[in-house]
Amino acid sequence: MFMMILLFTSLPKYSPLLTRLIGPFSFLVALVGVTVIDSVAVELKYGSLEGSIQLHQEQNMNNSEPDSGFLNGLVELKYQTDHLYNFSANVGMHGGFNLWAMNEDDGQDAQGELLSQLNVAYENDTIQVILGRQELEMLWLEDYHEALRLSYQPFESLGVRGGYSTRFAEADVDGINDFENIGDHGIWFLELHHSNDRFPATFSPYLLHIRDVHTAYGATMEISQEEHFRLVFGYGFSDSNNPEFEDGFIANTELGLYFNDLQFGGGYIQTDKTGGSGSLDLLGDRINPLEEGNLIFEPDARTPYAIIGYSQWGVDCSMVFAKTETGELSETEFNLNLAYQFADSFEPFSIEFLYAIIDSGAREEDYNKFFITLIYEF
C-alpha cells in the first residue's frame, strides 16, 4: 500500500490531471488499508482460545521385563480468529513435561513442545479449504499434518473430502513427535460420504496414495438407527508400490445394540494371510477397538471381540474382550474403560481410567497396563 502511495506521489509534476487525482486516490488507498488492518485487528481480538491441561499416570506391569511407569503433564492450546470474509486463522500448540519416571527413559517420548496447528482456512456453506498444519481425522489418516485439505458438501446427503499432506506429527499425553516426511512424495487422500434419507445408511469409499509406499482403497458401510443399533461393514486393500512393503487387505464388521443406558456389541476383523493389512495402518487407524491390539494387523490375523457399555450419572463404563489368532501366534486382551465428567462448578474437569490385561499365550510375554488421566478443559 505504501509503495503505491510513493509511486503516485513521485509522478512527473507536469501532468495536471494526475496531480489533481493523486491526493484523493492516495487518501482512498490509505483509508482502505486502515479499514482492512482494523478489521483484522477486530478478528484477532474477538477470536476464541481453548485448550486443556492434563495429568497422565501410566504403568506397565511385565512378567519378564522390569516394570515401567511415568507421570506426565500436557498443555494444549488452540486459538482461532473470528471470520473475516469467510477466512480465519488457527494456531495450536502442545507442550509436554515429565513429573516422575520409574526408569530413566520412561515417559521421555512425551516431553517437548510442538506447534501442531498453524493454518489459514476459508469456509462457506458448501466449501471448506484449510492450508497449513492441521489435525486430520480419517479412517487411516490421523494426528497432525502439513496439508492442503478441501471439503465440499453440495448436498446434505453428499460430502467429499480430499487433499495432500507432506509431513505428519503426533502430539498426545503419552507421545510428542516432531513433524517428519511422509515418504519422498507425501500422500494424496480422497474420501466420499453418501447417505440416504429413506434408509439410515452411509457409504464411504476412500483412496490413499503414497507414491513410494502404496496405493490404498476401500469403503465402509454404516447402517444405524439412533439410540437403537449400529452396524458397520468395512474393507480396505493396500497395493504396494515398493518391494519393501507387502500387499494386504483388512475386512471388519461390528454390531452395536443400545438399550437406554446399556450397550452390547461385538465385531470381527480379518487380514490377508500373507501381507496382513499391508501398509494401511502406517499413519493411524480407527478400526482397532483395543488399547494395545498387538496382532490385529499382522498376517492371517482373525480377531473376534465383544463390547459391553453402560452410561449413567456422568460415568461411562465399557469392557472390551478380544482374542486374536494368526497362523503361529495368539493374544487375548481385556480392557476396562471408565470416564467421568464432573458436574456443576467442577464441570471443566473430567477423569479417564483404563486397565488392560494382555495374555500372549507365553507367560513371559504377558503384561498388564493401566493409566489414569485428569483433564481440565477451558
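Read-outs throughout are calculated quantities, based only on the coordinates presented, and are distinct from any laboratory measurement. Please read all numbers here as calculations on a predicted model, not as lab measurements. Here Cβ is always computed from backbone atoms with ideal geometry, including for glycine, and neighbour counts include all displayed protein chains.
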Original post:
Can you tell which of S157, S204, S279 shows the greatest fluctuation in a Gaussian network model of the chain with Cα springs below 10 Å?
Top reply: S157
Original post:
So which GluC sites (Glu not before Pro) in the range 227-298 end up in coil per DSSP with only 12 or fewer other C-beta atoms within 10 Å?
Top reply: E227, E244
Original post:
Helix 16-45: angle to the longest alpha-carbon principal axis of the chain, degrees 0 to 90, nearest 10?
Top reply: 30
**OP:** Can you pull the one-decimal nm distance between simple spin-label points at T253 and E377, each 7 Å off the Cα toward Cβ?
**Re:** 3.5
**OP:** Work out the charge dipole of the chain with +1 on the Cβ of Lys and Arg and -1 on the Cβ of Asp and Glu about the Cα centre, then indicate which of L295, F245, V160 is farthest towards its positive end.
**Re:** V160
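Using the Cβ atoms and a cut-off under 10 Å, what net charge is assigned to the surroundings of T332, where Lys and Arg are +1 and Asp and Glu are -1? Don't skip to the end; give the middle numbers.
Working: positive: K323; negative: E325, E331, E333, D359, D366.
Surrounding charge for T332 is -4.
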Subject >> For the chain, alpha-carbon Rg and Dmax in angstrom >> reply: 26.2, 96
Original post:
Tell me, what is the percent relative contact order of the chain, built from C-alpha pairs under 8 Å that lie six or more residues apart?
Top reply: 11
Original post:
Name the residues of the range 248-275 whose amide N is less than 13 Å from a point 7 angstrom out from the Cα of F321 along the C-beta direction?
Top reply: 265-266
Original post:
With each pseudo-label sitting 7 Å past Cα toward Cβ, what's the Y268-L99 distance in nm, one decimal?
Top reply: 4.5
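Could you list I53, I130 so that the one with the fewest beta carbons within 10 Å of its beta carbon is first and the one with the most is last? Present the calculation step by step, with values, prior to reporting the outcome.
Values: I53 15, I130 22.
Fewest-to-most ranking of I53, I130: I53, I130.
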Original post:
What ³J(HN,Hα) values, in whole Hz, does the Karplus curve 6.51 cos²θ - 1.76 cosθ + 1.60 give for the range 333-347 when θ = phi - 60°, with x put for Gly and Pro?
Top reply: 9, 10, 10, 10, 10, 10, 9, 9, 9, 5, 10, 6, 6, 9, 4
**OP:** Find, among the GluC sites (Glu not before Pro) in the range 121-179, those assigned to loop by DSSP (not H, G, I, E, B) with at most 11 other beta-carbon atoms within 10 angstrom.
**Re:** E137, E156
Subject >> Computed lengthening from F233 to E142, 0.36 nm per intervening residue step minus Cα-Cα distance >> reply: 30.7 nm
Original post:
About its Cα centre, how strong a charge dipole does the chain have in debye, to the nearest 20, once Lys and Arg get +1 and Asp and Glu get -1 at the Cβ?
Top reply: 2280
Original post:
What FRET efficiency, computed as 1/(1 + (r/R0)^6) with R0 = 25 Å and r the Cβ-Cβ distance, is obtained for F342 and Q128, rounded to the nearest 0.05?
Top reply: 0.15
Subject >> Cross-link reach list, aspartates and glutamates versus K273, counting only Cα pairs under 18 Å and skipping chain neighbours closer than eight places >> reply: D239, E244, E246, D247, D281, E298, D300, E325, E328, E331
Original post:
Which value in nm describes the separation of the simple spin-label points at S157 and I53, placed 7 Å from the Cα toward the beta carbon?
Top reply: 5.0
Original post:
So which residue, out of E352, E113, E328, gets the largest mean-square fluctuation from a GNM of the chain using Cα contacts under 10 Å as springs?
Top reply: E328
